[in-house]
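A.B. asks: One structure is given below, represented as structure tokens, and several questions about it will come after.
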Amino acid sequence: MEIIREISNWIKQKVEKAEAEGVVIGLSGGLDSSVVACLAEKALGSSKVLGLIMPCHNTSLDEEHAYLVARKLNIRVERIVLDTVYDKFLEILPSGKDIALANIKPRLRMLTLYYFANNLNYLVLGAGNKSEILIGYFTKYGDGGCDILPLGGLLKSEVRELAKELKIPEEIIKKPPSAGLWEGQTDEGEIGLSYEDLDRVLLAIESGKIDFLPKEMVDKVKRLVESSKHKRAPAPVFRK
């Protein structure tokens, strides 16, 4: 598959250009991070890839799947449990909205990733895909905080095909995508669309051929894209 070679070469070039020693990846046990880890190992070799497993009141199944990928690739792993740090934040912060509290988790993981990246002179690889980036389905300065995005040009459906080609374990490919922000949370449930429908709409919007799709579905995706522009843009700078 040509795209595997292209992305792997791209990762290697970005690491070399930054004069970095390797890469660090948050291994969630999900599809996207598993694919990114595989591509990084192909690009740099297992000795230059560090996988961080960062449970924060997550299910044990997520960890199992993360270790499954790490063993398959023979990459180094560090397990950093964030439960106590997260709980302490809840103790000292005033009560707030559920989403504000949930977003602490990916932001703690981002801090942890950059701690290791700074110590090792590594780049942080993000696992975001094009579908999620376009609609803003990521936490600003959380899982959106990274140095490079190897899957940023691929829709979720394309990442799934890539996973099959890379022989990601079947149980990970079939598992309902979840950011693990709260018990029972799923990405598709939070987005309000299946990834299949989301990708169909995004492709239709790009091509300008939206007439054959339900208007309410197209309007919903357009609203998500428009309202999340600030997440994809650098912070506005006042100019004198």
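A.B. asks: Report those helices (runs of 4 or more DSSP H) wholly inside region 40-119 carrying at least 2 residues which are among the aliphatic types (A, V, I, L, M), within 20 Å of the chain's Cα centre (by Cα) and surrounded by 13 or more Cβ atoms within 10 Å (Cβ to Cβ). Full working, then the answer.
C.D. replies: Working: elements: 60-73, 83-92, 98-102.
Here the list reads 60-73, 98-102.
A.B. asks: Can we say residue 153 is open to solvent by 50 Å² or more (accessible area, probe 1.4 Å), under 22 Å from residue 11 (Cβ atoms), in a loop (DSSP other than H, G, I, E, B) and modelled with pLDDT of 95 or more? Break it down stepwise before answering.
C.D. replies: Working: open to solvent by 50 Å² or more (accessible area, probe 1.4 Å): yes; under 22 Å from residue 11 (Cβ atoms): yes; in a loop (DSSP other than H, G, I, E, B): yes; modelled with pLDDT of 95 or more: yes.
When the stated conditions are applied, residue 153 passes them.
A.B. asks: Checking the condition in contact with a Lys or Arg (Cβ under 6 Å, 6 or more places away or on another chain) and either on the phi < 0 side of the Ramachandran plot or modelled with pLDDT of 95 or more (or both), which residue from 50, 31 passes? First the steps, then the outcome.
C.D. replies: Values: 31 fails: in contact with a Lys or Arg (Cβ under 6 Å, 6 or more places away or on another chain).
Just one listed residue meets the conditions, 50.
A.B. asks: On to the next question. Would region 230-239 turn up any residue that is open to solvent by less than 60 Å² (accessible area, probe 1.4 Å), within 20 Å of residue 154 (Cα to Cα) and of a type in the set (A, V, I, L, M)?
C.D. replies: Checking region 230-239: at least one residue is open to solvent by less than 60 Å² (accessible area, probe 1.4 Å), within 20 Å of residue 154 (Cα to Cα) and of a type in the set (A, V, I, L, M).
A.B. asks: Right, another one. Just checking, which of 184, 208, 180, 192 is on the phi > 0 side of the Ramachandran plot, touching an Asp or Glu at 6+ places or on another chain (Cβ under 8 Å) and not β-branched (Val, Ile, Thr)? Quick ask: steps written out before the conclusion?
C.D. replies: On the way: 184 fails: touching an Asp or Glu at 6+ places or on another chain (Cβ under 8 Å); 208 fails: touching an Asp or Glu at 6+ places or on another chain (Cβ under 8 Å); 192 fails: touching an Asp or Glu at 6+ places or on another chain (Cβ under 8 Å).
Answer to the check: 180.
A.B. asks: Which count do you get for residues in region 201-229 that are modelled with pLDDT under 95, loosely packed, with under 11 Cβ neighbours inside 10 Å and either within 21 Å of the chain's Cα centre (by Cα) or not in a helix (DSSP H, G or I) (or both)?
C.D. replies: Residues in region 201-229 being modelled with pLDDT under 95, loosely packed, with under 11 Cβ neighbours inside 10 Å and either within 21 Å of the chain's Cα centre (by Cα) or not in a helix (DSSP H, G or I) (or both): 4 in total.
The values are calculated or read from the model by the stated rules, or taken from the named source; none is laboratory data. Values in this document were obtained by computation on a predicted structure and should not be read as measured data. Positions of Cβ are generated from backbone atoms using ideal geometry, with glycine treated the same way; all protein chains shown enter the neighbour counts. The protein model used for the area step is the full one, side chains on, heavy atoms only, and it has no ligands, DNA or RNA in it. Shrake-Rupley method; radii C 1.70, N 1.55, O 1.52, S 1.80 Å.
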